[in-house]
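Each remark here refers to the structure printed beneath this line.
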Amino acid sequence: MSNSLSTLFDKVWDAHVVRKIEDGPDVLFIDRHFIHEVTSPVAFLGMESRGVKVLFPERTFATADHNTPTINQHLPVKDALSANQLDALERNTAKYGISHWGLGNPKNGIVHVVGPENGITQPGMTIVCGDSHTSTHGAFGAIAFGIGTSEVEMVLSSQCIMQPKPKKMRISVNGMLSKAVTPKDVILYIIAKISASGATGYFVEYAGDVFENMSMEGRMTVCNMSIEMGARGGMIAPDETTFNYINGREKAPKGEAWDKALAYWQTLKTDEGATFDKEYTFSAADIEPMITYGTNPGMGLGISQHIPKAFDLEGGVSSYEKALSYMGFHEEDAMIGKPVDYVFIGSCTNGRIEDFRAFASIVKGRKKADNVTAWIVPGSHIVEQQIKEEGILDILTEAGFELRQPGCSACLAMNDDKVPKGKYAVSTSNRNFEGRQGPGARTLLASPLMAAAAAVTGVVTDPRELI
Amino acid sequence: MAYDKFTVLTSTAVPLPIENVDTDQIIPARFLKATERKSFGDNLFRDWRYNADDSPKQDFVLNNPIYTGKILVAGKNFGSGSSREHAAWALYDYGFRCVVSSFFADIFKGNSLNIGLLPVTVSPEFLDKIFTAIEADPNTQIEVSLPEQTITILATGELEPFVINGYKKHNMLNGFDDIDYLQAMKAEIQQFVETSVY
C-alpha cells in the first residue's frame, strides 16, 4: 500500500521479517516459543532424523497441560499414552536445555496462562506455539498465533517460520457494557456477528473504549477466541493496564531494561489514519450475556433470544440442521431453561483469577444444583494459589463445589474430564464442536457468570437474575 | 518428513458436502497421544466413521465403497479450529493427496502445504459442479494439475484455475520443505538476532 502510516500489526510484523521471498511467504523471526506435550514430540523426532539441534533453547518454554489429570497430580499418570507424551517432553527439553514446567512444578499450568503470568509474554514480540489459542498473547500487543508441528520443528531448529503476511482487520467496540456482560460475551457476540470463518485470512486488532477499559485477563479472553472466527490472531495496543500487569513479574525487564522496554512499548500503536483491509464497529449497548446453541462458536446468541430458523441464515442449511440435531435443539427454542448436566469453568479462555472471582460472585451464599457435575479447574498453580488466598475456595466449598488441579481439562477432554454422550455442559472454554468435550458431548459456551448461574440453578439461567 | 512430489493427480473423489468441518472432527483430540507420526489415518473422522463400539457407521461416506479416490471434496471453511497438524497427517496417511473446498481455515491450509497435501480452493459454483458430477457418477475423474494450476472435471471438460504462491508450488512439485529452506539461511538468522529487540 502507498500509505506510509502503519498499523500496530505492521509495526510488529515488519520488525521481524528476516527475508522476503518473492511470490512466497516472509521468513519471520520468532521471539518466544511455547511448547507442550501433544504437538512437540514429532517435531523433536524430525530434528533428530535431520541431525539438527535447537538453535536458541533459551527462547523456548515448555509446560505440560493438554493431557494432564486434574486430580491426584502427585501420583503417576495412569493413562499410558499420556504418560508417554509427558515423559517425551521431559526428555526432549532436558536434552536440549529448554525450560520445562512439568507436572508438579509450582509454575505448571496452561501454556497461555503461565506465559503471561510469569512475564514471558511482552508487547511487540512474535510468539508462537503448536496450539491455536496462542492468539491469547495478542492481548499484550504481541503478534501471537498457533502453528502446526512442522512449524514447531522450524522454530526449534531455526527460530523462524515462513508465513505470508495476513490481511488486516480492525474490530471496534465502543460504549458501556451492560450488567453481567463480560469479555467472554463481547467476543462471543463478535463471532456470532461475523461468523466462525468471518476473519479467515486476517489478523485482527481490537480497538475502542470497551477494550481500553478491560483488564488484562479480559483482553486475554477476547484475543484467545480470535481463532474461533478464523483469524490467525488478534491483538490490542499495549497501554498502562498492560505495563502495570507486566511490571514486577519474573521474566519482565528490570531497572534500566524496563525503562528502555517501556519507551519502545509506548510506540506500539496504530498510526492515526492507517488503513485496514476490513473494519467492523459494534456498540457495547447491543451486547447481552451470550450462550451458544450449535456446534461452532459462531452459533451464539443473547441469552434472552431464541434459536434462529434455518432459512433466516445464509447458506448451509444442511449443516445447520445437522448441528441442531446433534445438540438436540430445535428452531425457535428459547435458551433459558435448557437442561444442564455439567458445568466447566477453566481453560486458556476463562481459567484466570478474574474468572473465578466472577464465578464465586454468583455462587456465594447459594448451593450447587444436585443434577450438576461441576469441574472447577484453575489455569495454573499460581491461579490456584490466588483462589485459596482470596477466600474463593471457601465460597466454593461452602456451596458444594470442589477445586481441581490445573490443566486444559474438559476443554478438549484429552484426560479423564470427559462429558458423557448426549449430556449438556455449560462451559467457559472456547469450542463447542461435536465431541470436543467427549464423544457425543453437547457444549454450550458461555461466560463464568453464566456457568455459575447454571451450576446453582441446574438449568440455563440468565445471570442477570442472580446478581 | 519426506512426502510424495505432487505434479498431476487424476483420481475419483470422495464427497463431504458439510460446512465448517473442524479439525476435532478430522481427528478427535483423544487420538493425539502418539509421540510418532504413525497410523493417524485409522482414526480419520473417527466419530463420524465409527460407532462407540468401533463398528462402522454405514451412512458415512468413507464407509461407502462406491466413493474412493485420493481427492476429498468438502464444504466451505474446511479445517477450522485447532492447529493440530495431525488433521493433515490423518488425511494424508489415509491416502488423500488433495482436498478441494471453496474455503479453507488458515492454519489447516498451511499445515497441509507443509506435508504435501494440496489444498485447492475453488469458487462455490465450481464446488457445486463437482458435487453434482460425483453424485451423478461416483466414478467421475477429477484432474488436479499443479504445473498448470487447474482443476478439471474430465467428463465434461469444465475447469477452473486455482491459486498457489510460487514458492509453495515449487516445494510441492519437488517434495521440498520449509525446514530445509530455513536450515540453509542460518547465517542470515544469526545476523538478524544481533539487531533484535528481544
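The values are calculated or read from the model by the stated rules, or taken from the named source; none is laboratory data. These numbers were taken from a predicted model, which means no experiment stands behind them. Cβ sites come from the backbone with ideal geometry, for glycine too, and all protein chains shown count toward neighbours. All accessible areas refer to the heavy atoms of the entire protein, side chains included, with ligands and DNA or RNA removed. Shrake-Rupley method; radii C 1.70, N 1.55, O 1.52, S 1.80 Å.
Worth pointing out:
- Any hit, the stretch A:440-457, residues being surrounded by fewer than 24 Cβ atoms within 10 Å (Cβ to Cβ) and polar (S, T, N, Q): yes
- The stretch A:188-209, residues that are in contact with a Pro (Cβ under 9 Å, 6 or more places away or on another chain) and of a type outside the set (Phe, Trp, Tyr): A:188, A:191, A:192, A:196, A:201
- Given (1) charged (D, E, K, R); (2) over 23 Å from residue B:48 (Cβ atoms); (3) surrounded by 22 or more Cβ atoms within 10 Å (Cβ to Cβ), index of the condition residue A:436 fails: (2)
- When the criteria are applied in full, residue A:183 fails the requirement of being touching a helix residue (DSSP H, G or I) at 6+ places or on another chain (Cβ under 8 Å) and closer than 14 Å to residue A:122 by Cα.
- Residue tally, condition surrounded by fewer than 23 Cβ atoms within 10 Å (Cβ to Cβ), in a loop (DSSP other than H, G, I, E, B) and either of a type in the set (Asp, Glu) or touching a Pro at 6+ places or on another chain (Cβ under 7 Å) (or both), over the stretch A:386-414: 2
- Flag if residue B:24 is within 12 Å of another protein chain (Cβ to nearest Cβ) and among the acidic types (Asp, Glu): yes
- The requirement of being surrounded by 20 or more Cβ atoms within 10 Å (Cβ to Cβ) and over 19 Å from residue A:122 (Cα atoms) is fulfilled somewhere in the stretch A:230-250, by at least one residue.
- Hits in the stretch A:189-203 - residues which are among the hydrophobic types (A, V, I, L, M, F, W, C), touching an Asp or Glu at 6+ places or on another chain (Cβ under 9 Å) and more than 10 Å from chain B (Cβ to nearest Cβ): A:191
Quick grid of which residues meet (1) more than 14 Å from every other protein chain (Cβ to nearest Cβ); (2) open to solvent by 20 Å² or more (accessible area, probe 1.4 Å); (3) in contact with a Ser or Thr (Cβ under 6 Å, 6 or more places away or on another chain):
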residue: B:42; (1), (2), (3): yes, yes, no
residue: B:57; (1), (2), (3): no, yes, no
residue: B:63; (1), (2), (3): yes, yes, no
residue: B:66; (1), (2), (3): yes, yes, no
residue: B:71; (1), (2), (3): yes, no, yes
residue: B:95; (1), (2), (3): yes, yes, no
residue: B:100; (1), (2), (3): yes, no, no
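- Residue A:260 satisfies every condition listed in (1) free of Cβ contacts under 8 Å to residues at least 40 places away in the same chain; (2) not in a helix (DSSP H, G or I) except (2).
Listed here are the residues, each with its yes/no results for (1) open to solvent by 10 Å² or more (accessible area, probe 1.4 Å); (2) more than 8 Å from every other protein chain (Cβ to nearest Cβ).
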| site | (1), (2) |
| --- | --- |
| B:111 | no, no |
| B:117 | no, yes |
| B:134 | no, yes |
| B:166 | yes, no |
| B:183 | yes, no |
| B:195 | yes, yes |
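- Residue pairs meeting the criteria (Cβ under 7 Å; at least 6 apart or on separate chains; first more than 23 Å from residue B:196 (Cβ to Cβ), in the stretch A:151-174; second of a type in the set (Val, Ile, Thr) and buried (at least 24 other Cβ atoms within 10 Å of the Cβ)): A:169/A:204; A:171/A:190; A:171/A:204; A:173/A:186
- The residues of the stretch B:73-88 that are farther than 24 Å from residue B:7 by Cα, buried (at least 24 other Cβ atoms within 10 Å of the Cβ) and in contact with a strand residue (DSSP E or B) (Cβ under 9 Å, 6 or more places away or on another chain), listed by number, are B:77, B:80, B:81, B:82, B:83.
- Subset of the stretch A:367-385 (residues that are crowded, with 19+ Cβ neighbours inside 10 Å and not in a loop (DSSP other than H, G, I, E, B)): A:374, A:375, A:376, A:380, A:381, A:382, A:383, A:384
Listed here are the residues, each with its yes/no results for (1) open to solvent by 60 Å² or more (accessible area, probe 1.4 Å); (2) within 14 Å of another protein chain (Cβ to nearest Cβ); (3) assigned to a loop (DSSP other than H, G, I, E, B); (4) touching a residue at least 40 places away in the same chain (Cβ under 8 Å).
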residue: A:296; (1), (2), (3), (4): no, yes, yes, yes
residue: A:301; (1), (2), (3), (4): no, no, no, yes
residue: A:320; (1), (2), (3), (4): no, yes, no, no
residue: A:344; (1), (2), (3), (4): no, no, no, yes
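- Subset of the stretch A:1-36 [of a type outside the set (A, V, I, L, M) and within 9 Å of chain B (Cβ to nearest Cβ)]: A:16, A:19, A:22, A:23, A:24, A:25, A:29, A:31, A:32
Rundown of residues vs (1) hydroxyl-bearing (Ser, Thr, Tyr); (2) outside the structural domain of residue A:27 (by TED's automatic domain parsing), yes/no style:
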| residue | (1), (2) |
| --- | --- |
| A:157 | yes, no |
| A:180 | no, yes |
| A:184 | no, yes |
| A:189 | yes, yes |
| A:193 | no, yes |
| A:199 | no, yes |
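- Selected residue (criterion: farthest from the other protein chains (Cβ to nearest Cβ)) from residues of the stretch B:27-40 that are part of a helix (DSSP H, G or I) and open to solvent by less than 30 Å² (accessible area, probe 1.4 Å): B:40
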